[in-house]
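Working notes, beginning with the structure itself.
The values are calculated or read from the model by the stated rules, or taken from the named source; none is laboratory data. Note that the structure is predicted; figures quoted are calculated from it, not measured. Positions of Cβ are generated from backbone atoms using ideal geometry, with glycine treated the same way; all protein chains shown enter the neighbour counts. In case anyone asks, the SASA skips ligands and DNA or RNA and just uses the protein heavy atoms, side chains included. Shrake-Rupley method; radii C 1.70, N 1.55, O 1.52, S 1.80 Å.
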Amino acid sequence: MSSPVIGLLGFAASLVLILFGVPVAIALGVIGVLGFAILNGFDSALFILGSGPFEAIAPYSLSVVPLFLIMGIFASHTKLSSDLFNAANAFVGQFRGGLAMATIGACAGFGAISGSSLATVATMGRVAMPEMRRAGYDDSLSAASIAAAGTLGVLIPPSILLIIYGLLTQQSIGQLFSAAIIPGIIATLLYSVAVAVQVKRFPHLAARVSAQLSWRTRLSHLAAAWPIIALFLLVIGGIQVGLFSPTEAASVGAGGAILLAFSRKKLTWKVLVSVMWESAEMTGMVFLVMVGAALFNYFIETTGLPHLLIELVQDSGMSSLAVLLCVLLFYILLGSIMDAMSMILLTIPFIFPMINALGYDPIWFGVVIVTVAELGLITPPIGMNLFVIQGTVPDLTSQTVIRGILPFICADIVRLVILVAVPGLVLWLPRLMY
């Protein structure tokens, strides 16, 4: 049996284990070590098992992970989600569907701090869902808008998924963050358009409209949310203008979030211990996944599968665009049955070299892949955000959430087409950095 065939079997075995509920890190690590042992012998596999985990988590650049996690968790504990929602609602609440649009805007703001889709959905679900129910919104629109807008947490920087992609492919995290800003704005606008189109066609989805507020009231709500906006601008703006490296920006963000909690009198010993414990758990999870991915990468590289795929693509006569479309379709299908992090860790080792060989910009490709991963988060049957919103609002049924999610999936597909057709929207800000 040839090495590339063993590589394909290893990929399939990893996919099966993950689908059966085996933790991603364990599935990738076990298949990686066993596959490496089959190809190179048990002694070589033991050597990789001894050195690989340390090399996977030793890079200094990985320190951004716990720091950005601390920043996001402190933001959750200081109840900034309510301030963001109130500020957004003050400006768009008077429009039909305005509460859903305000939820999308608040999710974008909270996602910019938390970097986590699941945390954004869980937090905003508790804040926005009761408000939309009181206003007579249909649960399908309310739940779907929260689930869809929660995906912005994996795209708008500081995105943990972009960090992991950057570490796996050795790309600049600062450039990836800059590249994601305009696509994040486009996503927010398209989701809002999806809401506007729905309530225009089906007015019963948003039965009542909020009263228009005075500019004084609007500005007071904006002032309440200003600290979190300023923290985002400081962190991402500092990277953009070269004031901070990504690691330094993560430190500034974590420190700023702590000061913000202190200024709001939320920095108690109980909160501090809770934040540190939660961030340690999440950091450990991310690092363990990185270890599993590193062991799997050793195996995939040894099989020669990436090089074989490049040769097959070159010999097929397919255009680079056709290959890209096939890759994106593969990710969309895979995203409907796997979570975003698993999908990227499992596939990047052999997909990225092929895309790189075709001449596509790796920064652009990173943003596109995270966009596809977002689509997977809301695609039935395994869209993680659909389950999170049901867990946050226990009386919701899966049929209700799925019924409302289709327009947002269409908005994501439109965004993907725009990013593929106009790559300059992704690459303009990164090119300004150098």
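How long is the gain from Q170 to L9 if the chain were fully straight, where each residue apart is worth 0.36 nm and the alpha carbon distance is subtracted?
Residue separation times 0.36 nm, minus the Cα-Cα distance, leaves 55.3 nm.
Could you give the accessible area per residue of segment 190-328, probe 1.4 Å, as a whole number in Å²?
Ligands and nucleic acids excluded, the figure is 56 Å² per residue.
For H221, what accessible area in Å² do you get when you roll a 1.4 Å probe over the heavy atoms of the protein chains, rounding to the nearest 10?
Using a 1.4 Å probe on the heavy atoms, I get roughly 60 Å².
Between V193 and L312, how high is the FRET efficiency from 1/(1 + (r/R0)^6) when r is the Cβ-Cβ distance and R₀ = 45 Å? Nearest 0.05.
For V193 and L312, the calculated efficiency is 0.70.
Just reorder K266, K200 by solvent-accessible area, largest first, 1.4 Å probe, all chains present.
My answer, sorted largest first, is K200, K266.
R218 versus A58, label points 7 Å from Cα toward the beta carbon: distance in nm?
Here the modelled spin labels are 5.6 nm apart.
Given contacts defined as C-alpha pairs under 8 Å and at least six residues apart, what's the relative contact order of segment 370-434, whole-number percent?
Reported relative contact order: 26 percent.
Using unit Cβ charges (K, R positive; D, E negative) and no other charged atoms, how large, in debye to the nearest 20, is the dipole of segment 273-420 about its Cα centre?
About 260 debye.
At 7 Å along Cα-to-Cβ for each site, give me the label-to-label distance between T268 and R403 in nm.
It is 4.1 nm.
Given only helices, namely DSSP H runs of n ≥ 4 each adding -39500 (n - 2.57), what is the per-residue ellipticity at 222 nm of the chain, to the nearest 500 deg cm²/dmol?
-27000 deg cm²/dmol
Could you work out what % of the accessible surface of the chain is carbon and sulfur, using a 1.4 angstrom probe and leaving DNA, RNA and ligands out of the count?
70 percent
Got a sec? Charge dipole of the chain, +1 on Cβ for Lys and Arg, -1 for Asp and Glu; which of L429, L295, F47 is way out at the positive end?
L429
Dipole of the chain (Lys/Arg Cβ +1, Asp/Glu Cβ -1, origin at the Cα centre): which of P203, F177, A119 lies farthest to the positive side?
In the chain, that residue is P203.
Pick from I163, I402, I418 the residue whose mean-square fluctuation is largest in a GNM of the chain, springs joining Cα atoms under 10 Å.
In this elastic network of the chain, the residue with the biggest mean-square fluctuation among I163, I402, I418 is I418.
Note down the magnitude of the dipole of the chain about its Cα centre, charges +1 on Lys and Arg C-beta and -1 on Asp and Glu C-beta and zero elsewhere, to the nearest 20 debye.
1820 debye
Taking only C-alpha pairs under 8 Å that are 6+ residues apart, what is the relative contact order of segment 344-405 in percent?
16 percent
Measuring from label point to label point, each 7 Å out along Cα→Cβ, what is the V16 to F202 span in nm?
Once both label points are built, they end up 4.1 nm from each other.
Given the protein chains as shown and a 1.4 Å probe, how many square angstrom of M129 are accessible, to the nearest 10?
Rounded to the nearest 10, that gives 0 Å².
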